[in-house]
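Every number in this text was worked out from the coordinates using simple rules, so none of it is lab data. If you're wondering where the values come from, they're calculated on a predicted model, not measured in any experiment. Ideal geometry is used to build each Cβ from the backbone, glycine not excepted, and the neighbour counts take in all protein chains shown.
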Amino acid sequence: MATFLPKEAGETEKGYKPIGWDGMTLREMLETSERLFAETGRYWGIEELTLKEKDPIRYEKIFAKLRGGLVNARETAMNISASPIVQELGELCFAFYTPEGDSVALSTGIIVHVHTMSDAIKFMIRNDYELNPRIRPGDIFSNNKPSIGDAHNADVQTFVPIFWEGELIGWAGGVTHVTDIGASTPGNVPVGPISSYEDGLDLTANKVGENDILYQDHEIRCEMGVRTPMFWKLDERTRVAGCHMIRYAVERIIQGEGIDTFKRFIREAIEEGRRSFIHRVKELLIPGKYFAVTFVDLPLEGEMGLPDYAAVDRLSHAPHELTIGPNGEFHISFDGASKWGYHSFNCPPSAMQGAIWVLLTQTMIPNDKVNDGAYLATTHFFPPYTLANPVVKEAATGAAWGFLIPAFTGLIRSLSRGLFARGYLEEVLSSYAMTMNAMQGGGKDQYGRETGILSFELSAVGTGARSVLDGVDYAAAMWNPEGNMGDIEVWELVIPLMYLGRSVKPNTAGPGKYRGGSGFQSLYAIWKSLDIVMQNAGDGNVFPAPGIFGGYPAAAGYRHNVLGADLLKRFEEGREYPTKENDPGDSEISRLCEGKHLFDKRTLNYPYRMNHGDIYYSWYRGGGGLGDPLERDPALIEEDLNNDILLPRYALSIYGAVARQDENGRWVVDREATEKKRAEIREERGRIAIPVFQFLTEERERILKGDIALKVRRMYNESIELSTEWGNWFKSFWNLPPDFRFSEDE
Ligand code: MN
């Protein structure tokens, strides 16, 4: 129990009046709520949704007013921010929580935070903030610590308690994704930190203001702790203003409806959310177990500036298992996941919850009534000491999305299999794209000010292919479905880079009967910065966006930057310069620029120095494909060829399409020749195919001989050691001896 902090002179602990309902402290409210849920399986034990059933119109009106208040707060407050991440791309979200921290409703935006802010509020309650530092009208709290409740450190949260006649009636919460978080390397998804002590500014659910005013000492601390204090300051005001608008909206609703109705409403809304989620599960999926696996590659071996225990080439395992029960049970497990590590890609449970919510709201519950009711309808297992639940305090979390994004393609593929089996074809999706390359860096900007940058262009990657249509091109991010790449002119105002070009990046979409959404490319010159380091934060050498039902994965990354480029000389002489790189096999950058070309498969780097006029290339990934590419309509292949989605040299090898250019240079697919070619490919497939039993026997031989890449062997050994259950499953599947381990000889 925290030491009691007297509210006013003379007030004693004995004379303390709790701020919860019916004379309870917040802690008592939270414990009662959890007990009633455990006993009854219903939120606060609610049996009948009396308000909703007796007066459904009124109930819906209250919900609409609350949701409207949240959306209004978001749309208005975002204009206070000066950061393009918030203002242009909408990386912010507001929500309203019950006194004990359960979300009732949330705005549009980064809906990943349905439950993360809930975790942060519950953390304050469990640590008796009510007694010390006290929770009073006009207070402001802030958090960005994922182990307390957040997706990653750059998502900074603000909380404002809302009171009515001396009782806490709920919390307004707001989150923005900030420009720089003061980590050991610049930017907002820092790849540099190898322990939490390097993650940057830590706001551990702190009280940061009272009487609606931010504390001076807090503001000074933040200004000194981040590289971009101006953006930070305005982002913080955005969050505070939004929370205050929500408080006003809630007070108006209570004035109109009465406090008792409002109290009843917020609990019923959550219980309704729980029931409707279960209903959706029963309606959309088929009970059973769904497996899907993804691998996360962190090739940091040889990175200068990292100690030897961090500079390692690691492949990580993200086995996803979804269990759907006969009564709408929904259980997610990551049993078998790889160990946490000395890098910034570790994901605390709150971040994992964030990923679940951002995906379920785009698939299972795409309506406006999203709240913690759905959270209560699900269960999960994030095994301790793994990337999915590092437990240890020292695990860095700044780039948690690097694990989250690929790992949760498993959830999408599992849901799609269930939806497909149930006949909901239009809902089926292949996996979404990895939001990479993250073009990140920092130093001095074009005005000579200190800066940390990450181009949020990456929130417009390709979506997964659908079972009736292609994926959407450069349109969305799994973490922000309102995808937007932002205006070039705005980016050029705030970051010391000049665009040489921005266009479609061919061959980024995963091929299939329906292809994934395409990615795009931006080619930049480092511009007017006298002191800058840059890095590529990419996905290593694995396919991060797998295909489904015979569709192919989307392309993995590569790097092509030029140090000491002759670009400025080319400008002076009026010579041609590169604007894109459609085909790395026939590189425009190589042809039209001299200098030291960093042209390789190293997609994940520690920052390195670049200079005015150097070239930085960033291309953004596409989504996975769906269905056999040989079944793709030739008319769609023609479109892809003519729109730079597909490089001509792959039309034949992937799609079996015989294409040629007509007299106007347009690509045309010869239907007859294509049919013939496809028949040949099918015949060839039949010739080289072997029975599954034979395949399994041969693979088993490889496993026993250890005829597999070393980092893959290490990865499986780690999973076997971390989880007896997963290890036993693996060994029984492959019929291996009980004490089986891969040899780790080089
Ligand atoms: Mn974020």
inquiry  = Just to confirm my numbers, what's the Cα centroid distance between the stretch 135-187 and the stretch 252-302 in Å?
reply    = 21
query = Rounded to the nearest whole Å³, what is the per residue volume of the convex hull around the Cα atoms of the stretch 453-492?
reply = 64
remark   = Along principal axes, largest first, the alpha-carbon spread of the stretch 372-440 in whole Å comes out as 46, 35, 21
task = Looking at the chain, send over the antiparallel percent of its DSSP beta bridges, to the nearest 5.
result = 95
Sites residue 586 and residue 468 - FRET efficiency at Förster radius 41 Å, r taken between beta-carbons, to 0.05 = 0.75
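Could you work out the relative contact order of the stretch 618-746, using alpha carbon pairs under 8 angstrom and six or more residues apart, expressed as a whole percent?
Relative contact order, the stretch 618-746: 15 percent.
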Overall dimensions of the stretch 636-678 as given by Cα atoms, namely Rg and Dmax in Å = 9.5, 27
query = Between 510, 103, 421, whose Cα lies farthest towards the positive end of the dipole of the chain when Lys and Arg beta carbons carry +1 and Asp and Glu beta carbons carry -1, centred on the Cα centre?
reply = 421
message = Can you give me the angle between helix 724-733 and the longest principal axis of the chain, using Cα atoms only, in degrees from 0 to 90, rounded to the nearest 10?
response = 30
query = Based on the Kirkwood radius over alpha-carbon pairs, what is the Stokes-Einstein translational diffusion coefficient of the stretch 453-590 at 10 °C with 1.306 mPa s viscosity, in µm²/s?
reply = 96
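Please arrange 243, 593 by how many other C-beta atoms lie within 10 Å of their C-beta, fewest to most.
In order of increasing Cβ crowding within 10 Å: 593, 243.
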inquiry  = Please compare each pair in 677/711; 61/282; 513/601; 233/580; 580/676; 145/369 to a cut-off of 30 Å on the Cα-Cα distance and tell me which ones are over it.
reply    = 677/711; 233/580; 580/676
inquiry  = Counting each pair of different Cα atoms once, what's the Kirkwood radius of the stretch 692-733 in Å, rounded to one decimal?
reply    = 11.0
ask   = What is the projected area of the convex hull of the Cα atoms of the chain, averaged over all directions, in nm²?
value = 35.1
key: Extreme residue, positive dipole direction of the stretch 585-681, given options 646, 659, 623 (C-beta unit charges)   = 623
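Enter the per residue convex hull volume of the stretch 668-746, computed from alpha-carbon coordinates, in Å³ rounded to the nearest integer.
Output value, Cα hull per residue: 163 Å³.
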ask   = Given Cα pairs under 8 Å that are at least 6 residues apart, what percent is the relative contact order of the chain?
value = 11
request  = Could you work out the local net charge near residue 200, counting Lys and Arg as +1, Asp and Glu as -1, over the other residues with Cβ closer than 13 Å to its Cβ?
outcome  = -3
query = How are the Cα pair distances of the stretch 286-619 distributed, in percent, across 20 Å bins from 0?
reply = 30, 55, 14, 0
remark   = Cβ density ranking, 10 Å radius, fewest first, applied to 3, 40 yields 3, 40
query = With labels modelled as points extended 7 Å from the Cα through the Cβ direction, what inter-label distance (nm, one decimal) is found for residue 731 paired with residue 707?
reply = 2.4
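Rounded to the nearest 500, what is the 222 nm mean residue ellipticity of the chain from helices alone, with -39500 (n - 2.57) per DSSP H run of 4+ residues and division by all residues?
For the chain, the value works out to -10500 deg cm²/dmol.
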inquiry  = Let me spell out the model: positive unit charges on the Cβ of Lys and Arg, negative unit charges on the Cβ of Asp and Glu, origin at the Cα centre of the chain. What dipole size does that give, in debye rounded to 20?
reply    = 740
inquiry  = Based on alpha-carbon centroids, what's the gap between the stretch 647-698 and the stretch 534-597 in Å, whole number please?
reply    = 27
request  = Using only the Cα atoms of the stretch 235-335, build the gyration tensor, take square roots of its eigenvalues as a ≥ b ≥ c, and label the shape rounded, prolate or oblate: rounded if a/c is under 1.5, else prolate if a/b is larger than b/c, else oblate.
outcome  = oblate
note = For the chain, longest principal axis from Cα atoms; helix 692-705 axis from its Cα atoms; angle between them, nearest 10 degrees, is 80
message = Let me check I've understood the local charge: for residue 492, count other residues with C-beta under 14 angstrom from its C-beta, Lys and Arg +1, Asp and Glu -1. What total comes out?
response = -3
remark   = Computed over the chain: longest principal axis from alpha-carbon atoms vs helix 116-126 long axis, angle to nearest 10 degrees, is 40
task = Give me the distance between the Cα centres of the stretch 444-475 and the stretch 362-408, rounded to whole Å.
result = 22
ask   = P(r) of the stretch 569-651 in 5 Å steps, Cα pairs, percent per bin?
value = 3, 9, 17, 19, 16, 13, 11, 7, 4, 2, 0
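Give me the number: length gained by fully extending residue 165 to residue 676, i.e. 0.36 nm times residue separation minus the C-alpha to C-alpha distance, one decimal in nm.
Contour length minus the Cα-Cα distance gives 176.1 nm.
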remark   = For 333, 430, 529, 316, ascending order of other Cβ atoms within 10 Å (fewest first) is 333, 529, 316, 430
The stretch 435-517: C-alpha pair distances exceeding 22 Å, % = 35
